[in-house]
1. For segment 2-29, give me each residue that is among the aliphatic types (A, V, I, L, M), farther than 13 Å from LEU49 by Cβ and at pLDDT 85 or above.
2. Take segment 28-54 and flag every residue that is in a loop (DSSP other than H, G, I, E, B) and either under 27 Å from HIS17 (Cβ atoms) or basic (Lys, Arg) (or both).
3. So which pairs qualify, if the first residue must be in segment 30-42 and under 17 Å from ILE13 (Cα atoms), the second must be assigned to a helix (DSSP H, G or I), the Cβ gap must be under 9 Å, and the two must be at least 6 apart or on different chains?
4. Within segment 44-51, identify whether any single residue is surrounded by 10 or more Cβ atoms within 10 Å (Cβ to Cβ) and either aromatic (Phe, Trp, Tyr) or touching a Lys or Arg at 6+ places or on another chain (Cβ under 6 Å) (or both), and answer yes or no.
5. Could you identify the single residue in ALA48, ALA54 that is of a type in the set (A, V, I, L, M, F, W, C) and in contact (Cβ under 8 Å) with a residue 12 or more places away in the chain?
Amino acid sequence: MTCRAGLHVGITIGLRHADETLWNNGIKQNAVFLAEALRHCPNVASVALVNTTAVP
């Protein structure tokens with residue numbers, strides 16, 4: 001795996017239930033759209049959504 005120079009961004013989200021989706025909550029949708037926008041920035045090497053809870 002090669003690594004581009006630039007920022008590595010992690011956007012935290014917290015899922016409450018195993019059957020919860022990213023699309024049932026506005027703030028989680030915003031996190032997805034922010035991640036997609038950041039992926040197009042030239043100074044950003046990678047973007048990841050990071051679940052901060054124990055829910056898989």
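1. LEU7, ALA18
2. So in segment 28-54, the residues in a loop (DSSP other than H, G, I, E, B) come out as 40-43, 52-54.
Hits for segment 28-54 are THR52, THR53, ALA54.
3. ALA31/LEU22; VAL32/LEU22; VAL32/TRP23
4. Taking every residue of segment 44-51 in turn, at least one turns out to be surrounded by 10 or more Cβ atoms within 10 Å (Cβ to Cβ) and either aromatic (Phe, Trp, Tyr) or touching a Lys or Arg at 6+ places or on another chain (Cβ under 6 Å) (or both).
5. Only one candidate passes the filter, namely ALA48.
The values are calculated or read from the model by the stated rules, or taken from the named source; none is laboratory data. Since the model is a prediction, treat every value here as computed from it, not as a measurement. Note: ideal-geometry Cβ built from the backbone for every residue, glycine included; neighbour counts use all protein chains shown.
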